[in-house]
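To start, the structure under review is shown below, and the notes come after it.
The values are calculated or read from the model by the stated rules, or taken from the named source; none is laboratory data. Remember, it's a predicted structure, so these values are computed and weren't measured experimentally. Methodologically, a virtual Cβ is constructed for each residue, glycine included, from the backbone with ideal geometry; neighbour enumeration extends over all protein chains shown. Calculation scope for accessible area: heavy atoms of the full protein, side chains included, ligands and nucleic acids excluded. Shrake-Rupley method; radii C 1.70, N 1.55, O 1.52, S 1.80 Å.
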Amino acid sequence: MLGAVLYGPRDVRFEERDIPRITKPTDAIIRISATCVCGSDLWPYRGINAIPQPTPMGHEYCGVVEEVGNAVTSVKPGQFVIGSFFASDNTCPNCQVGYQSSCQHAEFISTAQASVLRVPLADGTLVATPAVPSDDLIPSLLTLSDVMGTGWFAADAANVKPGATVVVVGDGAVGLLGVLSAKQMGAGRIIAMSRHPSRQKLAREFGATDIVTERGDEGVARINELTNGIGADSVLECVGTQESMMQAISTSRKGGYVSYVGVPHGVELNGEQLFFAHVHLHGGPAPVRRYLPQLIKFVWNREINPGKVFDLTLPLDHVAEGYRAMDERRAIKTLLRP
Ligand SMILES: [Zn+2]
Ligand SMILES: [Zn+2]
């Protein structure tokens, strides 16, 4: 079997790997229909996170079940399934309250940029679609494995309500799908912070009503102006830098909600500033599994089309170009088809 392996900074190779097999009775083996490159894959790709040895890549996936271990009861061979980037049992106390990404038995999926994948804890992790989907639905279904689920969590954790004023910080795939999620939840006004014309265009298609190109203090001042000095009801932080986090906290109204789903890199919060900000803060790795049944329904009924974030589709053996295009910001997100 062939799959993507990261050897070092900007060195992704497509090479022969062991074919995954059932190792525990709770495993499933799926044949990948589509996978993709994640913004978070760029951290090790750029050498910001160290790569001590050649590392298989990929955590977003959907495909057809080939084989299941003898303890698996909820999915069977032939079904089309989607799972989160964290495998979870869906039964422990953390899963039961909807935080499957903090499952006591969570396992990170890290070998999905390949033609075949082993999924641990298959009963808790995988959700089957009503039937094998038509080809045009596959990109949207794939987003539910991470980016769409994460954008939805960002909107949910920021308490987006019908009629609310929402600010989305970050115009990557997650930020753009945060816009789509806020729209689907009935937000009245959605302000997207973006300075890239192609991303602004997609943000508007997904439901953004205003675009703010300024950043940092200027960005905060602009939001302040747009909201008559009050700030937004809900702010979605989808980047993970000090600047974006402070921008998010500073643009919330008093009593407002700030969610944060960008993996933090060097973010430090000032206790006093936080104290006087008077905001609700809620974030972390998105419990994508919680939202899968509902989001599958939305995609299946063609109510939402999150697959539009893929502006580049390549055969899996061109995976290196998929990383390059995202690294150079020529692509928002690369879809890979084995
Ligand atoms: Zn991802
Ligand atoms: Zn659990």
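Listing for the model above:
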| item | result |
| --- | --- |
| Most positive-pole-ward Cα, L335, V37, S101, against dipole of the chain from beta carbon charges | L335 |
| Simple label model, 7 Å out from Cα along Cβ direction - E268 to I19, nm | 5.3 nm |
| G63 long-range amide H proximity, modeled H, under 5 Å | S33, V81 |
| By average C-beta atoms within 10 angstrom, highest first, the peptides 122-134, 267-279 | 122-134, 267-279 |
| R0 of 25 Å, Cβ-Cβ distance A221-K161: FRET efficiency to nearest 0.05 | 0.45 |
| Cα-projected label distance for Y7 with F276, points at 7 Å along beta-carbon direction, nm | 5.4 nm |
| Peptides 27-40, 91-104, 108-121 ordered by average Cβ neighbours within 10 Å, highest first | 27-40, 108-121, 91-104 |
| Relative contact order (%) - the range 62-149, alpha-carbon pairs under 8 angstrom, separation at least six | 34 percent |
| In order through the range 100-110: 3J(HN,Hα) via Karplus (6.51 cos²θ - 1.76 cosθ + 1.60), integer Hz, x for Gly, Pro | 4, 6, 10, 3, 4, 10, 4, 10, 6, 7, 9 |
| Stretchable slack from D210 to W300, in nm (0.36 nm times residue separation minus alpha-carbon distance) | 29.5 nm |
| Whole-number accessible area per residue in Å² for the range 114-184, which is evaluated in the context of all protein chains at 1.4 Å | 23 Å² |
| Karplus (6.51, -1.76, 1.60) ³J(HN,Hα), θ = phi - 60°, over the range 70-83, in Hz, Gly and Pro reported as x | 6, 9, 7, 10, 8, 10, 9, x, x, 7, 8, 10, 10, x |
| Rounded percent of accessible protein surface that carbon and sulfur make up, the chain, 1.4 Å probe | 51 percent |
| At 1.306 mPa s and 10 °C, Stokes diffusion of the range 293-338 via Kirkwood alpha-carbon radius, µm² per second | 136 µm²/s |
| Gyration tensor (alpha-carbon) shape descriptor, the range 189-338, a/c threshold 1.5 | prolate |
| Highest to lowest packing among 148-158, 313-323, 246-256, scored as the average C-beta count within 10 Å | 148-158, 246-256, 313-323 |
| Listed residue (F276, F298, T227) projecting farthest to the positive dipole end of the range 227-302, Cβ model | F298 |
| Taking the chain and dividing mean pair separation by its residue count, relative contact order in percent (alpha carbons under 8 Å, at least six apart) | 19 percent |
| Per residue accessible area of the range 17-112, 1.4 Å probe, in Å² | 45 Å² |
| Within the chain: Cβ-based charge dipole about Cα centre, in debye rounded to nearest 20 (Lys, Arg +1; Asp, Glu -1) | 520 debye |
| Square roots of five times the Cα gyration tensor eigenvalues for the chain, Å | 33, 21, 19 |
| Cα-centred dipole magnitude for the range 22-104, charges only on beta-carbon of K, R (+1) and D, E (-1), debye, nearest 20 | 40 debye |
| Cα-based equivalent ellipsoid, the range 18-99: semi-axes from gyration tensor eigenvalues, Å | 26, 18, 13 |
| Centre separation in Å (Cα based) which lies between the range 201-229 and the range 97-152 | 32 Å |
| Where a label projected 7 Å from the Cα of K201 along Cα→Cβ would reach, residues of the range 315-338 with amide N under 15 Å | 330-333 |
| Cα lying deepest toward the dipole's positive end in the chain, options M148, G262, G186, charges on Cβ | G186 |
| Per residue accessible area in Å² of the range 253-338, where ligands, DNA and RNA are left out and the probe is 1.4 Å | 53 Å² |
| Proximal aspartates and glutamates to K24, defined as alpha-carbon separation beneath 19 angstrom and excluding residues fewer than eight positions away on the same chain | E66, E67, D89, E107, D123 |
| Length-normalised contact order for the range 174-324 - Cα pairs under 8 Å, 6+ apart - percent | 17 percent |
| Mean projected area (nm²) of the alpha-carbon convex hull when the range 128-255 is viewed from all directions | 8.1 nm² |
